[in-house]
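Here is the structure we will look at.
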Amino acid sequence: MHLFVAGATGYTGRNLVELAAERPGLRTHAHVRPDSPRLNRWRDRFGVRGVRVDATPWEEQAMTERITELAPDVVYALLGTTKKRAKAAREAGQEAGYEAVDYGLTVMLLRACVAAGHGPRFIYLSSMGVKDGVKNEYLAVRARVESELAESGLPYVIARPSFISGEDREENRPGERIASTLGDGLLKTAGVLGLGKLRDRYASMTGEELARALLRLGTRPDHEDEIVEADGLRELAQAF
Ligand SMILES: NC(=O)c1ccc[n+]([C@@H]2O[C@H](COP(=O)([O-])OP(=O)(O)OC[C@H]3O[C@@H](n4cnc5c(N)ncnc54)[C@H](OP(=O)(O)O)[C@@H]3O)[C@@H](O)[C@H]2O)c1
């Protein structure tokens with residue numbers, strides 16, 4: 001089985017790529033943007049695990065040609081920016097906010113997969129809280145991607161995790177880390193009080209846990225046209 005992972009350098013992506021590399025029978029192309037200052041570092045890190053790095057530019061025609069050529073069975077879209085990164089990009093004269101990255105690049109990849117014609121399973125990393133008519137900008141772009149994916153004709157899985165956090169996240173995100181640690185503490189208490197369902201739904205997952213769930217969703221035949229909420233992802237991670 002052949003996997004193509006976009007967002008391979010992210011916290012979830014790198015965990016997924018490295019987990020897939022350990023599984024027999026899986027071949028992986030990890031996509032890294034060609035202008036990444038760490039492209040060679042990723043080539044080394046993934047290369048020693050037998051994973052090929054693909055640095056196709058984020059242009060629709062180039063991406064369509066590459067997906068057509070590789071014909072992966074499963075395509076993962078694990079892309080996203082943050083307000084802080086978007087602000088830094090804007091100051092450097094680039095537009096790389098939620099609209100351009102979380103929506104724009106994901107939908108470009110989706111269109112490339114549809115145009116390729118072989119119908120890969122498309123696994124989209126969305127977020128808890130996505131629903132029709134949601135006002136928050138971050139969630140609203142995800143709602144649009146989800147709806148385009150559902151209408152694309154491709155077999156798909158939408159994953160909606162709560163916080164993705166762990167001590168092994170290289171990028172420093174103190175706000176997210178504090179919120180998830182406090183939340184996890186409260187939810188642990190909820191678990192003790194018999195409110196396990198609440199804990200399973202809202203507690204954070206590490207990149208490795210989420211990657212396990214995503215790998216299962218991509219590689220097992222029984223997952224198609226599914227939306228998996230945070231508690232379902234946790235259950236799959238434990239089973240795999
Ligand atoms: N963190 C959470 O708690 C949480 C919760 C629910 C859902 N999510 C969503 O899940 C997804 C993955 O989360 P994560 O924490 O694993 O993300 P992450 O570590 O921030 O990784 C984001 C990925 O997107 C790529 N990316 C960002 N800006 C880009 C740009 N301008 N051009 C090309 N690629 C770009 C990054 O590539 P580079 O390394 O090259 O920048 C990286 O591979 C995101 O969509 C996120 O919003 C996150």
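Quick note: the coordinates plus some simple rules give every number you see, no bench work behind them. From a predicted model like this one, the values you see are computed outputs, not experimental measurements. When we count neighbours, we look across all protein chains shown, and the Cβ atoms used for this are built from the backbone with ideal geometry, even at glycine.
Between residue 227 and residue 91, the C-beta separation translates, for a Förster distance of 35 Å, into a calculated FRET efficiency of about 0.45. When all alpha carbon pairs of the range 1-76 are counted in 5 Å bins from zero, the resulting P(r) reads 3, 17, 30, 26, 17, 6, 1 %.
Hey, with R₀ at 30 Å, roughly what FRET efficiency would residue 115 and residue 36 work out to, going by the Cβ-Cβ distance, to 0.05?
For R0 = 30 Å, the calculated efficiency reads 0.75.
Can you tell which of 69, 226, 91 shows the greatest fluctuation in a Gaussian network model of the chain with Cα springs below 10 Å? It is 91. Summing +1 for each Lys or Arg and -1 for each Asp or Glu among the other residues whose beta-carbon sits under 14 angstrom from that of residue 121 gives -3. For the range 35-179, averaging the sequence separation of C-alpha pairs within contact (under 8 Å, six or more residues apart) and dividing by the residue count gives a relative contact order of 21 percent.
Between residue 135 and residue 150, the modelled label-to-label distance comes to 2.2 nm, taking each label 7 Å out from Cα in the direction of the beta carbon. In the chain, the calculated helix contribution to ellipticity at 222 nm averages -14500 deg cm²/dmol per residue, counting -39,500 (n - 2.57) for every DSSP H run with n ≥ 4. Other residues with beta-carbon under 14 Å from the beta-carbon of residue 48 carry, at +1 per Lys or Arg and -1 per Asp or Glu, a net charge of +3.
Against the main long axis of the alpha-carbon atoms of the chain, helix 174-192 sits at an angle near 50°.
One chain, two ends: residue 22 and residue 201. Fully extended at 0.36 nm per residue, the span grows by 61.6 nm beyond their Cα-Cα distance. Listed by chain and number, the aspartates and glutamates whose alpha-carbon sits under 13 Å from that of residue 131, ignoring those within fewer than 8 places in the same chain, are 146, 229.
Highest mean first, the peptides 138-148, 32-42, 211-221 sorted by other C-beta atoms within 10 Å per residue fall in the order 211-221, 138-148, 32-42.
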